[in-house]
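To start, the structure under review is shown below, and the notes come after it.
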Amino acid sequence: MFFQIVEILGTFAFAISGVLVALEKRMDPFGVLIIAFVTSVGGGTLRDVLIGITPVTWMVNMLYVYAILIATVLAIIFRKRLDILRVSLFLFDTIGIGLYTVVGVQKGLNIGLHPIICISLGTMTACFGGVIRDILCNEIPVIFRQEVYATACILGGVTYFLLRKLPIDNNIVFVISGSVVIAIRLVAVIFKITLPSLYKDEVRKIDG
């Protein structure tokens, strides 16, 4: 039950982040709903297909669909209260990747996959909905920039496996691991920590 609640909360958060991007692009209501859907379930759908869960989770449990619809309606209604769309988008997107990372890791564990593959599944679950969203909205996906994004998910996944070796309740492991992802992402953005660039020398030559 706790596992499902975490996944639905992640779905809700990602749906709002999708709506905010779509509103910023001034899409019509149908476009807003589509972006909310692909952001919410894109990563989870890819994960389920790869591990052979069909029909995929959101197709057999309407709670996910209802969560997306409610999140979409609420985000549209209260969009004027969200004074800075970029800040709101960042917060909901960050919450989404934190929750979805642990969901993806646990799904891999449930079918006995290697820890590295489980962490990959968690990262994929967390990131690929946003990748689809950004591509459809004509943006370079965050995961392909220098930002600490997928790295935060990977570190959260590693934390999950480290904590499992301790005598800690699995629900607490969920919460701590998801919080690690969120904290790393927040700290990276606040202190402007980025991944190393491959193109610094080229930039200097061009500037010179």
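The values are calculated or read from the model by the stated rules, or taken from the named source; none is laboratory data. Since the structure is predicted, the reported quantities are computational estimates derived from the model, not experimental observations. Don't worry about glycine lacking a Cβ; one is built from the backbone with ideal geometry, like all the others, and counts go over all protein chains shown. To get the accessible areas, we keep the full protein, side chains included, count just its heavy atoms, and leave off ligands, DNA and RNA. Shrake-Rupley method; radii C 1.70, N 1.55, O 1.52, S 1.80 Å.
Answer with yes or no whether I140 is of a type in the set (A, V, I, L, M, F, W, C), in a loop (DSSP other than H, G, I, E, B) and under 19 Å from the mean Cα position of the chain (by Cα).
Considered against the rule, which asks whether it is of a type in the set (A, V, I, L, M, F, W, C), in a loop (DSSP other than H, G, I, E, B) and under 19 Å from the mean Cα position of the chain (by Cα), I140 comes out as yes.
Every residue in segment 16-67 that is in a helix (DSSP H, G or I), under 24 Å from M1 (Cβ atoms) and either open to solvent by 70 Å² or more (accessible area, probe 1.4 Å) or among the basic types (K, R) (or both), please.
R47, M59, V60, M62, L63, Y66
If you check L74, L91, which single one turns out to be out of contact with any Pro (no Cβ under 6 Å at 6 or more places or on another chain), modelled with pLDDT of 90 or more and of a type outside the set (S, T, N, Q)?
L74
Quick one: which residue in L186, L155, L109, L162 is in a helix (DSSP H, G or I) and either within 24 Å of W58 (Cβ to Cβ) or touching a Phe, Trp or Tyr at 6+ places or on another chain (Cβ under 6 Å) (or both)?
Sole residue among the options that is in a helix (DSSP H, G or I) and either within 24 Å of W58 (Cβ to Cβ) or touching a Phe, Trp or Tyr at 6+ places or on another chain (Cβ under 6 Å) (or both): L109.
Listed residues I154, I95, I116; which is open to solvent by 60 Å² or more (accessible area, probe 1.4 Å), without any contact (Cβ under 8 Å) to a residue 24 or more places away in the chain and among the β-branched types (V, I, T)?
The unique qualifying residue is I116.
Across segment 98-113, which residue is nearest to L9 (Cα to Cα) among those that are small (G, A, S) and buried (at least 22 other Cβ atoms within 10 Å of the Cβ)?
Selected residue: G98.
I'd like the full set of residues that are open to solvent by less than 20 Å² (accessible area, probe 1.4 Å) and of a type in the set (A, V, I, L, M, F, W, C), limited to segment 119-141.
Once the filter is applied, which keeps residues that are open to solvent by less than 20 Å² (accessible area, probe 1.4 Å) and of a type in the set (A, V, I, L, M, F, W, C), segment 119-141 yields L121, A126, C127, V131, C137.
Would a scan of segment 92-106 turn up a residue that is within 21 Å of E147 (Cβ to Cβ), aliphatic (A, V, I, L, M) and not in a helix (DSSP H, G or I)?
no
Take the residues in segment 157-172 that are free of Cβ contacts under 8 Å to residues at least 40 places away in the same chain and among the hydrophobic types (A, V, I, L, M, F, W, C); name whichever of them is least open to solvent (accessible area, probe 1.4 Å).
Ranking the candidates gives L163 first.
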